[in-house]
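Engineer: Okay, here's the structure, questions in a sec.
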Amino acid sequence: MKFFRINIYLSIKNFFKSIFSTSYRETYENKTEQILLKNSNKSNILFTSQCRVSLILVLKFFKKQYPKKNEIIFSSYNLPEMINVSNNLNFKTILCDLDYKTGFFDMKKLKRKVNKKTVAVVLTNMFNTYEQSVKLKKFCKSKKISLIEDNAIYFDNFKILKNKKKYSGIHGDFTLYSFNIMKNISALYGGAATSNNKDFALFSREEIENFKNFPKIILIKQVFIFFLLKTLSIVFLYRLFFFRMIRLVYIHKIKFVLRLFYPVLKFKIRKLPNYYFTKIPFLSKKLIFYQLTDIERRNKNHQKRKMKNIYYFNKFLKFKIKDVKLLDIRDFNYQNFVDFPILVKNRERLNKFLLNKGIETRLYYYKNCGKIFKKEKQQHINAQKYEDEIICLPNNEKITYEYMDYIAKNISLFYSNKAFLKS
């Protein structure tokens, strides 16, 4: 019983529709813009080659608009590339630790870090509730600072209020999106930023006009990866070949292969590469269009993930495993995870045990950026705990409830047997 943990949401059908479609560019852009603007409750949008490029444009705008403000606050548990963008643009990057229970900002610490030089807080949607986002928005408004909402992994998550869907992404003064290959709207490469700021819209369009076209070789490589992952997701091929390779890679810690599975592991502090300053490929725009307008498929994907997240949550509540901590999930529509996250003790040994049982998980998520950029361990204790303890269980359309039972029972078995913990 083995299932590929990765799910590429882009279908082969939509890929070829995008390749061979001959409709005008405006057809794709107008409809896509309408959907994203409605979801984020904004009036202006720009498309970029990646989410981090959207952040570059926002921060460059801040430099022009607020020259006396040079501090920006991030959660210390984050994607290092986003912090690297801020540092490269010569902002004083302030990192704030998490609340261990919720995975959201430790708000007491955050409030102490805001001062007259603070230009913005970046809300990275990871584990947070709608209500936490609202509180942060109100706080930023009271301090007259901008809220940047990084909505890369919460796309299509929503809160139902008065029988209407309020999507993640509505809280930020600037909302960032990612449509890279692993996202639930997967366009190989791509990002976007929405806002109600007309000056930003004008500024960013002028900036993008000077960008070069996206490198064809990088796009071709991503197309190859897309077809490779689609092929490996075929169940019998995965069980016959790919799982065995993954198991060997983990057990023998073959770093260069692990970095292919987890790009976060190959991060190095560096200057911004030239390919960041390129336009989104037209192919990516078409891919975004076909997925966004496929409402039925989007709704099905959301509902399937939601039901399986609930199933995992209830399973672990029932087992009451001392060394397994569940995150504070209040709303499974808004906190609807692509992989189901839990915090565990002895994570490396647990992963080895699960691999021997035919179970692949996502072992690496974000990083403690306080350790990478600030060399500050004590100030970011909870971020380090999340980096060391988080493990994400597979959740996609091919994962069966029987397989989920099998995963949960084996995790329970591991922690109930002291011999495993000592192995």
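Engineer: Across the range 6-42, what is the number of residues that are modelled with pLDDT under 90, closer than 19 Å to Phe155 by Cα and among the β-branched types (Val, Ile, Thr)?
Structural biologist: 1
Engineer: Let me ask something else. Only one of (1) surrounded by 20 or more Cβ atoms within 10 Å (Cβ to Cβ); (2) touching a residue at least 60 places away in the same chain (Cβ under 8 Å); (3) touching a strand residue (DSSP E or B) at 6+ places or on another chain (Cβ under 7 Å) is not met by Ile153, so which one is it?
Structural biologist: (3)
Engineer: Working carefully through the options Lys325, Lys367, find the one that is among the basic types (Lys, Arg), surrounded by fewer than 19 Cβ atoms within 10 Å (Cβ to Cβ) and at negative phi.
Structural biologist: Only one candidate qualifies: Lys325.
Engineer: Please count how many residues of the range 1-19 are part of a loop (DSSP other than H, G, I, E, B) and not hydroxyl-bearing (Ser, Thr, Tyr).
Structural biologist: Total meeting the criteria: 9.
Engineer: May I pose another question? Sort through Lys308, Lys279 and tell me the only one that's modelled with pLDDT of 95 or more and under 22 Å from Ser21 (Cβ atoms).
Structural biologist: Matching residue, one of Lys308, Lys279: Lys279.
Engineer: Moving on to the next point. How about the range 28-43: which of its residues are under 10 Å from Gly169 (Cβ atoms) and in a loop (DSSP other than H, G, I, E, B)?
Structural biologist: Selection gives Asn41, Lys42.
Engineer: Among the listed residues Leu393, Leu363, Leu343, which satisfies the condition of being among the aliphatic types (A, V, I, L, M), at pLDDT below 95, closer than 21 Å to Arg305 by Cα and in contact with a strand residue (DSSP E or B) (Cβ under 7 Å, 6 or more places away or on another chain)?
Structural biologist: The conditions single out Leu363.
Engineer: Something else now. Quick one: count up the residues across the range 32-59 that are surrounded by 14 or more Cβ atoms within 10 Å (Cβ to Cβ) and more than 23 Å from the chain's Cα centre (by Cα).
Structural biologist: Looking only at that region, the number is 0.
Engineer: Related question: Please go through (1) touching a residue at least 12 places away in the same chain (Cβ under 8 Å); (2) surrounded by fewer than 22 Cβ atoms within 10 Å (Cβ to Cβ); (3) not aromatic (Phe, Trp, Tyr) for Ser76 and return the number of the only condition it doesn't satisfy.
Structural biologist: That leaves (2) as the condition not met.
Engineer: Just checking, which of Asn197, Asn163, Asn115 is surrounded by fewer than 18 Cβ atoms within 10 Å (Cβ to Cβ), within 16 Å of Phe62 (Cβ to Cβ) and more than 15 Å from the chain's Cα centre (by Cα)?
Structural biologist: Being surrounded by fewer than 18 Cβ atoms within 10 Å (Cβ to Cβ), within 16 Å of Phe62 (Cβ to Cβ) and more than 15 Å from the chain's Cα centre (by Cα) holds for just one of Asn197, Asn163, Asn115, which is Asn115.
Engineer: Can I ask one more? Conditions: (1) without any contact (Cβ under 8 Å) to a residue 40 or more places away in the chain; (2) assigned to a helix (DSSP H, G or I). Thr22 meets all but one. Number of the miss?
Structural biologist: Condition (2) is where Thr22 drops out.
Engineer: Can we say Lys374 is in contact with a His (Cβ under 9 Å, 6 or more places away or on another chain), surrounded by fewer than 17 Cβ atoms within 10 Å (Cβ to Cβ) and modelled with pLDDT under 95?
Structural biologist: So Lys374 fits the description; yes.
Engineer: Take residues that are out of contact with any strand residue (DSSP E or B) (no Cβ under 7 Å at 6 or more places or on another chain), outside the structural domain of Phe158 (by TED's automatic domain parsing) and buried (at least 16 other Cβ atoms within 10 Å of the Cβ) and tell me which of the helices (runs of 4 or more DSSP H) falling wholly in the range 208-311 contain 3 or more.
Structural biologist: 216-232, 243-251, 282-292
The values are calculated or read from the model by the stated rules, or taken from the named source; none is laboratory data. Treat the numbers as computed from the prediction; the structure is a model and nothing was measured. Every residue, glycine as well, gets a Cβ built from its backbone with ideal geometry; the counts of neighbours run over all protein chains shown.
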